[in-house]
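The values are calculated or read from the model by the stated rules, or taken from the named source; none is laboratory data. Since this is a predicted model, take the numbers as computed values, not measurements. Using ideal geometry, Cβ is built from the backbone for each residue, glycine included, and neighbour counts are taken over all protein chains shown.
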Amino acid sequence: MSLSGIFFCCSVSISASNSKMFVSGSCDMTAKLWDTRTSSCVRTFHGHDGDVNTVQFLPDGLHFGTGSDDGSCRLFDTRTGHELQQYRNSSSTHAITGPANNVTSIAFSYSGRLLFAGYSNGNCYAWDTLLAEVTMAVTFCYQATDR
């Protein structure tokens, strides 16, 4: 099987409700939904202004999240193709700060209510997926050194 159309794939996640479908994140600022039965891209999801470094399906297998070099996470619906929510620091009580705030990894709680996002500055934030607010921040103090 050969899947064409992935531009420097950064991350993949398989749907829990349909193992024939998976989503990929790419350096072309998009996420794509793929069907392994037809070896084709079913839908392309736009919205990020940077590489999509990480993708993850919610436990329902119908929605997925993305994390990008633009510092945001987004939630998408695979059935409609719509962006449902955006998670980006604004006036939250937990300010996302540091030398860089690219999103490097994401994971969802079992219920899907929390989105955990890891950032390139070493910090981790838990976002409430319904309210789009940071509910918990785990920050690390470190000093960069040449190795």
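Remarks
- Taking every residue in the range 58-73 that is in contact (Cβ under 8 Å) with a residue 12 or more places away in the chain and pairing it with any residue that is part of a strand (DSSP E or B) and of a type in the set (D, E), at least 6 positions away or on another chain, the pairs with Cβ-Cβ distances below 8 Å are L62/D77; H63/D77.
- Residues that are in contact with a strand residue (DSSP E or B) (Cβ under 8 Å, 6 or more places away or on another chain), surrounded by fewer than 17 Cβ atoms within 10 Å (Cβ to Cβ) and of a type in the set (S, T, Y), drawn from the range 8-67: T36, S40, T44
- The range 119-131 - residue that is small (G, A, S) and modelled with pLDDT under 95 and, of those, nearest to S68 (Cα to Cα): S120
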